[in-house]
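Asks: Quick one: this structure, given as structure tokens, is what I'll be asking you about.
The values are calculated or read from the model by the stated rules, or taken from the named source; none is laboratory data. Small disclaimer: the values here were computed from a predicted structure and weren't measured. So basically every Cβ, Gly included, is an ideal-geometry build from the backbone, and we count neighbours across all protein chains shown. Ligands, DNA and RNA are excluded from the accessible area calculation, which covers all protein heavy atoms including side chains. Shrake-Rupley method; radii C 1.70, N 1.55, O 1.52, S 1.80 Å.
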Amino acid sequence: MEILISLAIVAALFLIVGIALPASRHLSHSVETNRKLTIVFDTLNSMRRFKEWNPLARRDPAMEIKLVGKEEGVGARLEYSSKERALGNGSWEIVKSEPGKLVGYKISNPERGENKRSEFTLKPTGKNNRNVEITQTYDVDYGWNLLGRYSGLYVSSNIGEDMKMGLAQLSNLLATVPNYDYSKLSETDPANAPKVVDRPAENILSVNAAVERNNDKIKAQIHSNMEWINKVIAANGLEAVGPIRVVTNEFGSETYDFDTVQVVRKKGDTSTEATAIDVKVEGPVKASLLPATKVVVASSGGHNIAALPPVRDAVRAWALTRGYSTSDRPYEAWKAGIDQSFDPALGQFDVYWPIK
């Protein structure tokens, strides 16, 4: 009888305390970054870099992760499967997306509770609003699930610590992205916005040069390089395809090391699949076949070559926020020709960066 009474008392206390405990839990933590608002939002608005900042994957490096649905925005979803009993199967899905303001995730996992969600709100802060305050919230409902309410006692120490770690990792990840607002590239024309395209295999002729960072000397060197390239084109029965390209090898404080490049093909060749051409080169000209690859490209107009370095960094920033790794060297197609590309009002460029 005493044992039964004791059990009854324990059960009554369990019910009383459980009922008194909150039916939901709310957590909030913040971190500040000096990256552009566009970079922060786009990183959170895609699942492609999720496992690099969210602690979930670090809890089980062998976890299977699959991206489904859209590339970014509402509908982008990450599903995971772990043999670790505490993790099991689950998902994070973007269900709210307000550009420059908020990204909200719906969370599914084996832990107790319903309607689990996490939101990241972005607020310009600091001197002249140059920084961004990232605030992450986590909410979970337990309703009348008393075991769930008891598990809520540990949310702050478990989920809360994961939130702090995730925000710190997110801040470190953002610091690796060039701090350029690529949204400005499409302010006058949405078609100028960065995008991923397929670059087919191409035969090219190229000449390398390293000259003083002086526009007149760079222009003269490019003209000289093109004289050699045009000589090889004429001698081998080739024709130029598209505008000249300039590939940046090193943009130093005093010296600019670059390649002048021209895509070529045999005269009259209209095939879409390029194969290596047997070319007899002269002087400094080199002939090679570029393999097919994917590239990020953005257009930039009304500038000269002095304005291109930040555009290259903006293109790379766009690629990195979406989980692409840049490779090789950036280059530009000089659509306005050589001389006009040195005029601040006439230059027209397509800026490319190959990606893995």
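Asks: When the convex hull of the Cα atoms of region 46-202 is projected onto a plane and the area is averaged over all directions, what value comes out in nm²? Please report the intermediate quantities before stating the final value.
Replies: Values: hull surface 51.5 nm².
The orientation-averaged projected area of the Cα hull of region 46-202 comes to 12.9 nm².
Asks: With the other protein chains left in place, how much accessible area per residue, in square angstrom, belongs to region 65-116 at a 1.4 angstrom probe? List each step's numbers first, then the result.
Replies: Numbers: 3130 Å² over 52 residues.
I get 60 Å² per residue for this part.
Asks: Give the lysines reachable from Lys127 as a straight Cα distance under 22 Å; neighbours fewer than 8 places away on the same chain don't count.
Replies: Lys36, Lys101, Lys184
Asks: Below 17 Å, Cα to Cα, which lysines can Lys96 reach? Residues fewer than 8 away in the same chain don't count.
Replies: Result set, ordered by chain and number: Lys70, Lys106, Lys116, Lys123.
Asks: Oh, and also: In a Gaussian network model over the chain where Cα atoms closer than 10 Å are linked, find which of Leu185, Leu238, Leu320 has the largest mean-square fluctuation.
Replies: Of the options given, Leu238 has the highest mean-square fluctuation.
Asks: Modelled label-to-label distance, Asp216 and Lys356, 7 Å Cα→beta-carbon offset: nm?
Replies: Reported label-point gap for Asp216 and Lys356 is 4.5 nm.
Asks: Ok, one more. Under 8 Å for C-alpha pairs, at least 6 residues apart: give me the relative contact order for the chain, rounded to a whole percent.
Replies: Details: 725 pairs, mean separation 58.2, N = 356.
Taking the mean separation of contacting Cα pairs over the length of the chain, I get 16 percent.
Asks: Let me ask another. If packing is taken as the average count of other Cβ atoms within 10 Å, what order do 274-287, 338-351 fall into, highest mean first?
Replies: On the way: 274-287: 14.4, 338-351: 17.2.
Descending mean neighbour count gives 338-351, 274-287.
Asks: If the label point is 7 Å along Cα→Cβ of Lys195, which residues in region 57-93 have backbone nitrogen under 13 Å from it?
Replies: Under 13 Å, as judged by backbone N against the label point of Lys195, lies no residue of region 57-93.
Asks: Also: Suppose we look only past 15 Å in the calculated P(r) of region 69-115. What percent of the Cα-Cα pairs does that tail hold?
Replies: Numbers: 540 of 1081 pairs.
Taking all Cα-Cα pairs of region 69-115, the fraction more than 15 Å apart is 50 percent.
Asks: Mind pulling the per residue volume of the convex hull built on the Cα atoms of the chain? Å³ is fine. Let's see the in-between values first.
Replies: On the way: hull volume 60.2 nm³, N = 356.
It is 169 Å³ per residue.
Asks: Let me ask another. By what distance, in whole Å, do the Cα atoms of region 191-326 stretch along each of the three principal axes, largest value first?
Replies: On the principal axes, region 191-326 reaches 43, 35, 25 Å in Cα extent.
Asks: Taking the Cα centre of region 106-253 as the origin and placing charges on Cβ (Lys, Arg +1; Asp, Glu -1), which of Pro200, Asn249, Asn230 is farthest toward the positive end of the dipole?
Replies: Of the candidates, Asn249 comes out farthest on the positive side.
Asks: Could I ask something else about it? Kindly count the pairs of lysines across region 203-356 whose alpha carbons are less than 14 Å apart, treating pairs on different chains or eight or more residues apart as eligible. Show your work: numbers first, answer last.
Replies: Numbers: Lys231/Lys280; Lys231/Lys286; Lys266/Lys280; Lys294/Lys356.
Final tally of qualifying lysine pairs is 4.
Asks: While we're looking at this one, here's another question. Measure off, as a whole percent, the carbon and sulfur share of the 1.4 Å-probe accessible area of region 54-141, all protein chains present. Show your work: numbers first, answer last.
Replies: Numbers: 2190 of 5060 Å².
Here it works out to 43 percent.
Asks: I want the local charge near Ala314. Using Cβ-Cβ distances under 11 Å, sum +1 for each Lys or Arg and -1 for each Asp or Glu among the other residues. Working shown, then result.
Replies: Values: positive: Lys36, Lys184, Arg312, Arg316; negative: Asp181, Asp313.
Surrounding charge for Ala314 is +2.
Asks: When the helix-only estimate is applied to the chain (DSSP H runs of n ≥ 4, each -39,500 (n - 2.57), divided by the residue count), what is the mean residue ellipticity at 222 nm, nearest 500 deg cm²/dmol?
Replies: Mean residue ellipticity at 222 nm (helix-derived): -8000 deg cm²/dmol.
Asks: What is the distance, in nm, between label points placed 7 Å from the Cα along the Cα-to-Cβ direction at Asp343 and at Arg58?
Replies: 5.4 nm
Asks: Where nothing but the Cβ of Lys and Arg (+1) and of Asp and Glu (-1) is charged, how large is the charge dipole of the chain around its Cα centre, in debye to the nearest 20?
Replies: Working: 44 positive and 43 negative charges, 99 e Å.
Taking the Cα centre of the chain as origin, the dipole is about 480 debye.
Asks: Quick check: net charge around Pro330, other residues with Cβ under 12 Å of its Cβ, Lys/Arg +1 and Asp/Glu -1?
Replies: Values: positive: Arg245, Arg312, Arg316, Arg329; negative: Glu250, Asp259, Asp313, Asp328, Glu332, Asp350.
Net of charged neighbours comes to -2.
Asks: Keeping every protein chain present and rolling a 1.4 Å probe, give me the accessible area per residue for region 184-227 in Å². Please report the intermediate quantities before stating the final value.
Replies: On the way: 2410 Å² over 44 residues.
Per residue, region 184-227 has an accessible area of 55 Å².
Asks: Please compute the modelled spin-label separation between Asn208 and Lys286, points set 7 Å along Cα→Cβ, answer in nm with one decimal.
Replies: A separation of 0.5 nm, rounded to one decimal place.
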